[in-house]
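Comments concern the structure below.
The values are calculated or read from the model by the stated rules, or taken from the named source; none is laboratory data. Bear in mind the structure is a predicted one, so any value in this text is a computation, not a measurement. The area values use the complete protein model at the heavy-atom level, side chains included, leaving out ligands, DNA and RNA. Shrake-Rupley method; radii C 1.70, N 1.55, O 1.52, S 1.80 Å.
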Amino acid sequence: MAGGVRPLRGLRALCRVLLFLSQFCILSGGEQSQALAQSIKDPGPTRTFTVVPRAAESTEIPPYVMKCPSNGLCSRLPADCIDCTTNFSCIYGKPVTFDCAVKPSVTCVDQDFKSQKNFIINMTCRFCWQLPETDYECTNSTSCMTVSCPRQRYPANCTVRDHVHCLGNRTFPKMLYCNWTGGYKWSTALALSLQVQLGVHVQLIVGLR
């Protein structure tokens, strides 16, 4: 009888151990499942990555290119086609030489017809507003109604011609003589006025006779 009780007790102890181990595994698995569910529910701070698109290369032709003759002499390019390193400390009225480079999309050659990017230009040291009147164009005013002496002036905006090189701004304000009156050029209006006055004097002289 005693020999039968001992195996039974051992079997019970083994069952208790197995029960304990199963409960422990269940509890451990539950905690891990809860932690996994919590991590899925609340993943924590997230990192966002912004993809910056690569800037597309511009294929537009700069507006100044329309003024720049292709494969012409670099030294004869218009001023809008080149960038020059100028020096305002040069002596007014004296010849001066400046280093220049063509702008992007501009092609030119040297005296030997070889492609060139950097070159020098020779010019006279003076600001654009000091140029002679033949080297720039100005706006006209048709509202000047005068043939009086002294002649009246009006504010005009002047722009240097393309082939002329100078220092400073190529567009500048200037006070010019009114050259228009009543829709006629000042010189024309003055000639007509003199003719009318001459006619009046002739009539007076004939009348006195």
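Numbers below:
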quantity: Across Lys94/Lys174; Lys94/Lys114; Lys117/Lys174, pairs whose alpha-carbon gap is larger than 28 Å; calculated: Lys94/Lys114; Lys117/Lys174
quantity: Other-chain or far-sequence residues with amide H under 5 Å of Gly72's (modelled H); calculated: Val109
quantity: Contour excess over end-to-end distance, with Cα ends at Gln111 and Asn169 and 0.36 nm allotted per residue; calculated: 17.9 nm
quantity: Gain in span if fully extended, Arg151 to Phe127, counting 0.36 nm per residue against the direct Cα distance; calculated: 6.0 nm
quantity: Heavy-atom accessible area order for Asp110, Asp162, largest first, 1.4 Å probe; calculated: Asp162, Asp110
quantity: Residues whose placed amide H lies under 5 Å from that of Val164, excluding near-sequence neighbours; calculated: Ala79
quantity: Under-5 Å amide H pairs with Tyr136, H placed in peptide plane, nonlocal only; calculated: Arg161
quantity: Phi to ³J(HN,Hα) by Karplus 6.51 cos²θ - 1.76 cosθ + 1.60 over the stretch 80-92, Hz, x for Gly, Pro; calculated: 6, 9, 9, 10, 10, 8, 9, 9, 6, 8, 5, 7, 4
